[in-house]
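Visitor: A single structure is presented below for examination.
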Amino acid sequence: MFLFSLSFFNLIYAFHILGIEKFAGIPVSSFPFPYKYLIGVGFYFYIKSQVFKDKNTILKKEYLLFLPALFYGVLRMYWYVNLHTGIDKDIFFKVYKTGFFVYNEFAYLIFNLVLVFFSIRFLRRNSTEIKGLRKVRKNWNWLLKFSYVFTAFTIVNLIHQVLVTIAGLQDNGQLYLIILVINTIYIYWVGLESLTKSQFLFNQFSLKQHSNNTSKPSHSLAHKFEDYIAKEEIFTNKSLKVSDFAPLLNVTEKELSLYIHETFDMSFSDYINQQRVEKVKKQLQSDDQKKYTLVAIAENAGFSSKSSFNAVFKKFTGLTPSQYKSTLKK
């Protein structure tokens, strides 16, 4: 709705400039689609819909935001019918003389600014509540960037309208073309982002739960989890998968993955590999490390191959196993 309304803004003026009076037999002039009041609403609902619906982030009362569009749409339909049925061919000129259209430009732009303000506030308030890895938070932060760009776009439109009104140049079609160019640039930018960063535009996020009912199970899970990691060193199992670990903790695979994401800010596989690396480091620092080869130490920690061991170790330490071992001798 956001993109359609924004594009419709340009489309109508393109028809006007090209002198196209009808499209598919329908009069184009003054078409009664209240797109201006749907741009901001569409953006606001797009932002809030990025959170899974079970969080009830969109309240029923927020659908009242469609009322300005509905009211303006009814007005436009009344004028449209009067114009194209011949009842009153001067009706738009009469409305224009009252200054309504100038006030309306300010009204919809301020309306959009208010909505994007609440969109940004929603994003900032929930920025620390997102479940998942840094990549997920990076996606969330991109929504903030998207909101800031839309804010700048709306402010530029508002400044243009202020200057045109002060100068008394509302009837200057050439000046209004500036807005069409700005709109076009913004639409192209959104299109480019859609092609190159579609994982950001079309995503859904989960927020952390803070219900008191979940405190005991979480504590129990943490205690069991710690036992299996610290005491039993379950990560030394070379073929360990989340589907193997979860039943031991009496939780689902999803619950275990989310617990690790929220607690350690990493995926299950990264966490397990990190524990293996830490075990290798401790072994290399021990007095009896000379008794074993690096490969033997790696296998004892749960690594299944020398290549994966080298890659994972360097990922977490920035050094190869041999380089790390050399630093211990200094």
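The values are calculated or read from the model by the stated rules, or taken from the named source; none is laboratory data. Because the structure is a prediction, the values reported are computed rather than measured. With ideal geometry, Cβ positions are generated from the backbone for all residues, glycine too; neighbour counts draw on all protein chains shown. With ligands, DNA and RNA removed, areas are computed over all heavy atoms of the protein, side chains included. Shrake-Rupley method; radii C 1.70, N 1.55, O 1.52, S 1.80 Å.
Visitor: Of Ser194, Ser215, which residue is among the small types (Gly, Ala, Ser), open to solvent by 60 Å² or more (accessible area, probe 1.4 Å), assigned to a helix (DSSP H, G or I) and modelled with pLDDT under 80? Give the derivation first.
Guide: Numbers: Ser194 fails: open to solvent by 60 Å² or more (accessible area, probe 1.4 Å).
Selected residue: Ser215, the only one of Ser194, Ser215 that is among the small types (Gly, Ala, Ser), open to solvent by 60 Å² or more (accessible area, probe 1.4 Å), assigned to a helix (DSSP H, G or I) and modelled with pLDDT under 80.
Visitor: Going through Ile155, Ile182, Ile159 one at a time, which residue ends up being at pLDDT below 90 and either within 25 Å of Gly73 (Cα to Cα) or in a helix (DSSP H, G or I) (or both)? Steps first, please.
Guide: Values: Ile155 fails: at pLDDT below 90; Ile159 fails: at pLDDT below 90.
So the residue among Ile155, Ile182, Ile159 that is at pLDDT below 90 and either within 25 Å of Gly73 (Cα to Cα) or in a helix (DSSP H, G or I) (or both) is Ile182.
Visitor: Within region 21-105, considering only helices (runs of 4 or more DSSP H) that don't extend past its boundaries, which have at least 1 residues that are in contact with a His (Cβ under 6 Å, 6 or more places away or on another chain) and either at pLDDT 90 or above or of a type in the set (Val, Ile, Thr) (or both)?
Guide: The helices (runs of 4 or more DSSP H) meeting that bar number zero.
Visitor: Something else now. In region 79-100, which residues are of a type outside the set (A, V, I, L, M) and in contact (Cβ under 8 Å) with a residue 24 or more places away in the chain?
Guide: Our first condition is that a residue be of a type outside the set (A, V, I, L, M); within region 79-100, this holds for 79-80, 82, 84-86, 88-90, 92-94, 96-100.
Hits for region 79-100 are Trp79, Tyr80, His84, Phe92.
Visitor: In region 105-126, what count of residues is obtained for those that are of a type in the set (A, V, I, L, M) and either out of contact with any helix residue (DSSP H, G or I) (no Cβ under 9 Å at 6 or more places or on another chain) or under 16 Å from Trp140 (Cα atoms) (or both)?
Guide: Of the residues in that region, 3 qualify.
Visitor: Within region 303-316, is there a residue that is open to solvent by 70 Å² or more (accessible area, probe 1.4 Å), of a type in the set (A, V, I, L, M) and either out of contact with any Phe, Trp or Tyr (no Cβ under 6 Å at 6 or more places or on another chain) or closer than 30 Å to Lys138 by Cα (or both)?
Guide: no
Visitor: Please work out if Glu278 is loosely packed, with under 15 Cβ neighbours inside 10 Å, at pLDDT 90 or above and out of contact with any helix residue (DSSP H, G or I) (no Cβ under 8 Å at 6 or more places or on another chain).
Guide: On the way: loosely packed, with under 15 Cβ neighbours inside 10 Å: yes; at pLDDT 90 or above: yes; out of contact with any helix residue (DSSP H, G or I) (no Cβ under 8 Å at 6 or more places or on another chain): yes.
For Glu278, the condition - loosely packed, with under 15 Cβ neighbours inside 10 Å, at pLDDT 90 or above and out of contact with any helix residue (DSSP H, G or I) (no Cβ under 8 Å at 6 or more places or on another chain) - is met.
Visitor: Inside region 87-109, can you point out the residues that are more than 16 Å from Pro34 (Cα to Cα), open to solvent by less than 30 Å² (accessible area, probe 1.4 Å) and among the hydrophobic types (A, V, I, L, M, F, W, C)?
Guide: Keep residues of region 87-109 that are more than 16 Å from Pro34 (Cα to Cα), which gives 87-91, 93-99.
Of the ones still in play, those that are also open to solvent by less than 30 Å² (accessible area, probe 1.4 Å) are 91, 95, 99.
If the condition is that a residue be more than 16 Å from Pro34 (Cα to Cα), open to solvent by less than 30 Å² (accessible area, probe 1.4 Å) and among the hydrophobic types (A, V, I, L, M, F, W, C), then Ile91, Val95 are the ones that fit.
Visitor: If you don't mind, another one. Which one of these is touching a Lys or Arg at 6+ places or on another chain (Cβ under 7 Å) and either open to solvent by less than 80 Å² (accessible area, probe 1.4 Å) or touching a residue at least 24 places away in the same chain (Cβ under 8 Å) (or both): Pro27, Pro34?
Guide: Values: Pro27 fails: touching a Lys or Arg at 6+ places or on another chain (Cβ under 7 Å).
Of the residues listed, the single one that is touching a Lys or Arg at 6+ places or on another chain (Cβ under 7 Å) and either open to solvent by less than 80 Å² (accessible area, probe 1.4 Å) or touching a residue at least 24 places away in the same chain (Cβ under 8 Å) (or both) is Pro34.
Visitor: Just for helices (runs of 4 or more DSSP H) wholly inside region 233-330: which have at least 2 residues that are of a type in the set (Ser, Thr, Tyr) and under 40 Å from the mean Cα position of the chain (by Cα)?
Guide: The helices (runs of 4 or more DSSP H) meeting that bar are 253-264, 268-285, 306-317.
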